[in-house]
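What follows draws every value from the coordinates through simple rules; no lab data is involved. It should be emphasised that the depicted structure is a prediction, and the values quoted were computed from it without experimental measurement. Neighbour counts run over all protein chains shown; Cβ positions are idealised from the backbone, glycine included.
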DNA sequence: CTCCAGGGGGCCA
DNA sequence: TGGCCCCATGGA
């Protein structure tokens, strides 16, 4: 199975090339993007992020000090703008809480994951995206494309999110760059199908 | 016009 | 747990 997964990876890489996810200038921008992209086309997220950058608000403290109505206007293109304004602020508070902890960068990945999952508005997929792409933790991100991918190539069948995640993490070498590219390639595969 | 995108929470049986 | 609804914009 390991060879099969690696073979599929190489095939996707040959077909689609390097994806270089996540397109962001900072880890915090990754976190913001992870929330804004919930059930939303990435093109719309880019518009929202560009608006936040233009307003010089893509920093934890700056964002927290901004009125909700102003944030809502800026992120409007990404949809669900009222919910997402609330979620951005809650996630940013968690961001600062973690940053304030001594040696938080050495915190075990499972503990870090629990921290993010405790934030209202952050589910498993969003938490794992943040862990992998902002914190560089070896967590394999699962989404609907990944489930279809597993089904299409008869790799694995399950119901729970974590069953899929653990399937990939147990079989693939624990390499962050591999996890990042593989997830991005699966998404690309899903879009082009 | 309909459908869906790099989801998640709340409610109800 | 499983199903359904809501959130909202913009592109195809």
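Would you kindly state how much longer the chain becomes between residue A:153 and residue A:118 on full extension, computed as 0.36 nm times their sequence separation minus their alpha carbon distance, in nm to one decimal? The partial results should precede the final answer.
Working: separation 35, 0.36 × 35 = 12.60 nm, distance 3.38 nm.
Using 0.36 nm per residue and subtracting the Cα-Cα distance, I get 9.2 nm.
What is the P(r) of chain A, as percent of Cα-Cα pairs per 5 Å bin from 0?
Spelled out per bin, shortest first, that is 1, 7, 16, 20, 18, 15, 11, 7, 3, 1, 0.
Between A:48, A:99, A:127, find the one with the highest GNM mean-square fluctuation for chain A; connect C-alpha pairs within less than 10 Å.
A:99
Less than 20 Å from a label point 7 Å out along the Cα-to-Cβ axis of residue A:67: which backbone N atoms in the range A:81-125 qualify, by residue?
A:81-90
Give me the one-decimal nm value for the distance between modelled label points at residue A:103 and residue A:4, 7 Å along each residue's Cα-to-Cβ direction.
Here the modelled spin labels are 4.2 nm apart.
Return the single residue from A:111, A:172, A:131 with maximal mean-square fluctuation; model: Gaussian network over chain A, springs between Cα atoms under 10 Å.
Ranking A:111, A:172, A:131 by mean-square fluctuation puts A:111 first.
Over the range A:27-133, what is the relative contact order in whole percent, taking alpha-carbon pairs under 8 Å and six or more residues apart? Numbers along the way, then the final one.
Numbers: 90 pairs, mean separation 32.7, N = 107.
Relative contact order comes out at 31 percent.
Given the options A:165, A:148, A:113, which has the most mean-square fluctuation in a GNM of chain A, springs set between C-alpha atoms less than 10 angstrom apart?
In the Gaussian network model the winner is A:148.
Which value at 222 nm does chain A reach when only helices count, each DSSP H run of 4 or more adding -39,500 (n - 2.57), with the total divided by all residues and rounded to the nearest 500 deg cm²/dmol? Mind dumping the intermediate values first?
Working: 11 runs with 126 residues, N = 193.
When only DSSP H runs of four or more count, the value is -20000 deg cm²/dmol.
Quick one: order A:30, A:45, A:141 by neighbouring beta-carbon count within 10 Å, fewest to most.
Numbers: A:30 19, A:45 23, A:141 27.
Ascending number of Cβ neighbours within 10 Å: A:30, A:45, A:141.
Shape call for the range A:52-152 from the C-alpha gyration tensor, a ≥ b ≥ c root eigenvalues: rounded (a/c under 1.5), prolate (a/b greater than b/c) or oblate? Working shown, then result.
Working: a/c = 2.34, a/b = 1.25, b/c = 1.87.
Verdict is oblate for the range A:52-152.
Taking the Cα atoms only, what angle lies between the long axis of helix A:176-191 and the longest principal axis of chain A, rounded to 10 degrees?
Approximately 90 degrees, to the nearest ten.
Measure nothing fancy, just the Cα-based angle from helix A:2-16's long axis to the longest principal axis of chain A, in degrees from 0 to 90, nearest 10.
Roughly 60 degrees between the two axes.
Among A:76-82, A:21-27, what's the highest-first ranking by average C-beta atoms within 10 angstrom per residue? Kindly include the intermediate steps, with their values, before the conclusion.
Numbers: A:76-82: 18.0, A:21-27: 14.9.
Packing proxy ranking, top to bottom: A:76-82, A:21-27.
Mind checking the angle between helix A:161-171 and chain A's longest principal axis? C-alpha axes, 0 to 90 degrees, to the nearest 10.
With both axes taken from Cα atoms, the answer is about 50 degrees.
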